[in-house]
Each structure stands twice: as C-alpha cells, then as structure tokens.
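The values are calculated or read from the model by the stated rules, or taken from the named source; none is laboratory data. Not measured: the values here are computed from a predicted model. Ideal geometry is used to build each Cβ from the backbone, glycine not excepted, and the neighbour counts take in all protein chains shown. Accessible surface areas use protein heavy atoms only, side chains included; no ligands, DNA or RNA. Shrake-Rupley method; radii C 1.70, N 1.55, O 1.52, S 1.80 Å.
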Amino acid sequence: MPASLEEFISSSTADLLGPASDRRAPVDATLPLRLVASAELSTAALVALVSDAKGARWVVPIHRDEHGFHRARPGDGVAEALVNHLSSPLEHAGTGFRLTSWRTGSVAGERAIGVDQTNESIIVGDQVVVKWSLGQPSADDITHPAVPRLHTLADAGFIGTPELWGLLEWQADSSSSPLLIADLTSYVDGAQDGWEWAVKDVVRLGLGELDMDTALAPAKRIGMLTARMHIALASAGIEHATQDQVQDWKSRALADLARIAAELDGPEGERLRARVRAISTAYDDFASAVGTPLILIHGDYHVGQILRFGNPHEYLVTDFDGNPVVPAHERAAPAPTAIDVAGMHASFDHVGRIILRHNPEVDADLVRIWIANAGPAFDYEYFDTLARMRHKGIFDERLVRPFRFQQEVREYLYALDHLPLWRYAPDGALIDLIPDQEEP
C-alpha cells in the first residue's frame, strides 16, 4: 500500500483520471502521473491536482480509508467535505488552493448526476451541486473561463443562474492565472435542460397540444434572461475589438469553411458548397466590427444551457466553461455578445430539425413556423431589455449573421469529427438561411 499521496499518484494508471463513472470515456495520459498540489478537506477527503509526463493536468478527488488512498466515488464524502468547508477557511499554506464562499450550510449525503460528463458533478444533500473541473490547462497563464464569469455574476447580484455557493481555485503563484478546481451551486430539483424541455414543447406544438404563442414564450423569456446576463457580465468592464482581432475572426471562420467545403461529402456537401460564396460574403461583415464592444460572454450558449423548472416555469443559465472548440486562451477573453445571440438562434433551429427528423407524426409546417419565429421572439425581448436597462451599446447586431454562419459551420465540423448523422441539422439550417442556391 502506498505510504503517501505522492506515491499513490505516481503508481496509478490513467484510470485515476476522468469521472468516476462506468460510462466514462478513456483518458489519454502519459505515465507516470505526478502530484502537483493537494488540499486536505478532512482526514478522509482530499483534492489533488495531478499532471502526466507531458504536463497535462487533471483534478482528482481522493478518498482515504484504512486501506489507503483511492479515487473518490459518489458517497465517499469528498464533495460533502468541500461543501461543509464553506463555513470555515480552507487554509493550506503554500498549496495554492483558495475557497471563496457566498453561501454556507450543513449538508450530508452524495449522489452522482447520471449523465455522461467531461467534468464530474455530485449532488450533496439534495441542496448543492459540486462540479469537479477535471481537465485543466497545462499552462499557468490560462484562466478558466468560468472563474471571472461566475465571480462577476455573483458580485453583480445576477439571479438567473443556479445560486453560487462557492468556488475552489488553485493558483501556482501570484503571477499565474487561477485554475477552477470546483464550483458549488444550488441544486435545482426537477430541472430539465433545453434539449429536453424545448423538444417536448415543440413536439406538443406539432401535435396540436400547444398553441404557437405558448410554444414561443420560452424564447422570449430566454431573450430577457440573456440580456440581463450580458448586462451583469459587462460590469466587469468593456473592451473594444482591434483590427487584428476582427481579421482573426474572419480568417478562422474562412479556414473552417474551407475545410468543410473540401471534406463534406454527399448531398449535404453539395448544398454546402453551393452556399460557400454567400457564407464568405457574410464573413465580410467582420471587417466593420473594429471597435465593437467586447465583454465577458457565456461563450457556449444554446438551449441545453438553459434549465427550466417549477410551475409556472422559471429559467436559469448554466455552464460557463466556454466553447470547447475555441482555443483555451480565448475562452476567458471578452468577446462580442452577438456570439451568444447567434448560438441561441442556431440551437432553436436545431431543436426544430431534431423534431422534423425524428417525429414524423407532427405537423411539419407548424414546426417550421416555430423555427422561423423563435429567433425573432428571442431578439425582441433581448433588444427591449437592453434598451430599457440602457445597455444597447454592448450589442452589435451586424455580427449576428456572420457568427450564426460560423456556428453552423462548426456544427458540420462536429458532425465530421464525432457524429456524422448530425450533419442534417446545419444542412437544414443553411437551406433556410440561404435559400434558392443552384447546386454546383
């Protein structure tokens, strides 16, 4: 049995890393593993930051018992120990760990959230969700995007996200950027994410069980919620886009488009190539964005990030980890609010595409009407809320169209690299966004 945590880590395999789930994806790590830092939450509970031989890093919750150390599983009490630490300082001189708390409480009992996850979320006492941010950047100059966003939203008093109880961070030294080790938020009983509730709503619309105004009401509510979120995030400061930044947006968008045009096969590829010129022309709008306002944004915004709960329905925004396809150093950087607006527009469209493909019993015309009107319903409340709260200046409407096309191209990239069948969603979206194109 390893006598120390360092020995336990160095003798472990890559199975130590990643979620404690039977359905977890394998973790690519180069052995041996090394302990970077650790914090003791109780005699039986620790959290470790671990690196592999190439410098990649992971967060590992650790349980210690009479047999030694092992990777903690739900029920071992490590997440519970972290929550109970919110009421007392977590002080480990020289370890670099810092626990910030906004709320405290005594909780007991753990259970996992039973979905596939890159991170690992544990429900504690049916009150708090502890999300371990398992994969970490290898460089100390990269800020986890959730760190400034969650701090800003909490300090601004934003109530449109599950209540923040605390953040556990680690910082190598005073000149380094903090890593997010775990965030602790209120557990919302009975909540569903938008890929569940929105699909159900629009299916009910297509079956005649819901009227159009009721089916569009959530898009309006989300528009208002998004505006309030952006206003809160803007309290951290506003920057302005430089010539180099907007040129970089266009260059990367064109590079992704060129790859898809070259590699996408079948009729979807033919339809995409027929629209390359129109998409490229839309990307020219980036040139007009020099000086456009940049703030902290959500960065990976879609209906799946919107929880719905209660009766009458309430809505909350979740998951501020940033877009996983964006380079790590950019996820925490200020960006145009139009990215979030375009992302939500795309996801409304994709809700409809999912239903049209998998629910032949619905009235397809009603679903298409919903697709055409969900974005405008969102926009009306978004614009109105910004105007009423005197923050119209943080939104540049000219950028929605090019960022929307970029989002659809990224959907093709996802299909190409991970889920080939998904190509039907961006394919249907682009047919409607750029109609009446001749096939090449």
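What are the residues in the stretch 33-47 that are crowded, with 22+ Cβ neighbours inside 10 Å and either without any contact (Cβ under 8 Å) to a residue 24 or more places away in the chain or touching a helix residue (DSSP H, G or I) at 6+ places or on another chain (Cβ under 6 Å) (or both), if any?
Result: Leu33, Leu41, Ala45.
For the stretch 382-417, give me the residue count where each residue is touching a residue at least 24 places away in the same chain (Cβ under 8 Å), open to solvent by less than 50 Å² (accessible area, probe 1.4 Å) and among the small types (Gly, Ala, Ser).
Qualifying residue count for the region: 0.
Can you find a residue that is closer than 25 Å to Val147 by Cβ, under 25 Å from the mean Cα position of the chain (by Cα) and among the small types (Gly, Ala, Ser) anywhere in the stretch 244-259?
Taking every residue of the stretch 244-259 in turn, none turns out to be closer than 25 Å to Val147 by Cβ, under 25 Å from the mean Cα position of the chain (by Cα) and among the small types (Gly, Ala, Ser).
Only one residue in Asp201, Asp183, Asp193 is over 17 Å from the mean Cα position of the chain (by Cα) and not aliphatic (A, V, I, L, M), so which one is that?
After applying the criteria, what remains is Asp201.
Against the conditions (1) open to solvent by less than 10 Å² (accessible area, probe 1.4 Å); (2) out of contact with any helix residue (DSSP H, G or I) (no Cβ under 6 Å at 6 or more places or on another chain), where does Phe286 fall short? Just the number, please.
Unmet for Phe286, out of (1) open to solvent by less than 10 Å² (accessible area, probe 1.4 Å); (2) out of contact with any helix residue (DSSP H, G or I) (no Cβ under 6 Å at 6 or more places or on another chain): (2).
Does Asp141 satisfy being closer than 25 Å to Ile339 by Cα and surrounded by fewer than 18 Cβ atoms within 10 Å (Cβ to Cβ)? Show your work before the answer.
Details: closer than 25 Å to Ile339 by Cα: yes; surrounded by fewer than 18 Cβ atoms within 10 Å (Cβ to Cβ): yes.
Yes: the conditions hold for Asp141.
Can you say whether Pro420 is surrounded by fewer than 21 Cβ atoms within 10 Å (Cβ to Cβ), closer than 26 Å to Glu268 by Cβ and either free of Cβ contacts under 8 Å to residues at least 40 places away in the same chain or within 23 Å of the chain's Cα centre (by Cα) (or both), as far as the supplied structure shows?
Judged against the criteria, Pro420 is a match.
Do the conditions hold for Asp76, that is, is it assigned to a loop (DSSP other than H, G, I, E, B), at pLDDT below 90 and acidic (Asp, Glu)? Talk me through it step by step, then tell me what you get.
Numbers: assigned to a loop (DSSP other than H, G, I, E, B): yes; at pLDDT below 90: no; acidic (Asp, Glu): yes.
Considered against the rule, which asks whether it is assigned to a loop (DSSP other than H, G, I, E, B), at pLDDT below 90 and acidic (Asp, Glu), Asp76 comes out as no.
Can you name the condition, by its number, that Gly55 falls short on among (1) open to solvent by 40 Å² or more (accessible area, probe 1.4 Å); (2) in contact (Cβ under 8 Å) with a residue 40 or more places away in the chain?
All conditions pass for Gly55, except number (1).
Would you confirm, using the coordinates I've provided, whether Asp365 is of a type in the set (D, E, K, R), touching a strand residue (DSSP E or B) at 6+ places or on another chain (Cβ under 9 Å) and either open to solvent by 40 Å² or more (accessible area, probe 1.4 Å) or modelled with pLDDT under 95 (or both)?
Spelling it out, it is not the case that Asp365 is of a type in the set (D, E, K, R), touching a strand residue (DSSP E or B) at 6+ places or on another chain (Cβ under 9 Å) and either open to solvent by 40 Å² or more (accessible area, probe 1.4 Å) or modelled with pLDDT under 95 (or both).
Mind checking which helices (runs of 4 or more DSSP H) fall wholly inside the stretch 240-296 and carry at least 1 residues that are polar (S, T, N, Q) and at pLDDT 95 or above?
It comes to 243-263, 276-283.
Are there any pairs, at least 6 apart or on different chains, whose C-beta atoms fall under 9 Å, with the first in the stretch 277-300 and farther than 20 Å from Asn323 by Cβ and the second surrounded by fewer than 19 Cβ atoms within 10 Å (Cβ to Cβ) and hydroxyl-bearing (Ser, Thr, Tyr), and if so, which?
Once the first residue is farther than 20 Å from Asn323 by Cβ and sits in the stretch 277-300, its partners that are surrounded by fewer than 19 Cβ atoms within 10 Å (Cβ to Cβ) and hydroxyl-bearing (Ser, Thr, Tyr) give Val290/Thr242; Gly291/Thr242.
In the stretch 234-268, which residue that is more than 20 Å from Phe405 (Cβ to Cβ) and among the β-branched types (Val, Ile, Thr) is surrounded by the most Cβ atoms within 10 Å (Cβ to Cβ)?
Ranking the qualifying residues of the stretch 234-268, first place goes to Ile238.
Mind counting the residues in the stretch 297-354 that are among the charged types (D, E, K, R), surrounded by fewer than 18 Cβ atoms within 10 Å (Cβ to Cβ) and assigned to a helix (DSSP H, G or I)?
Selection size over the stretch 297-354: 1.
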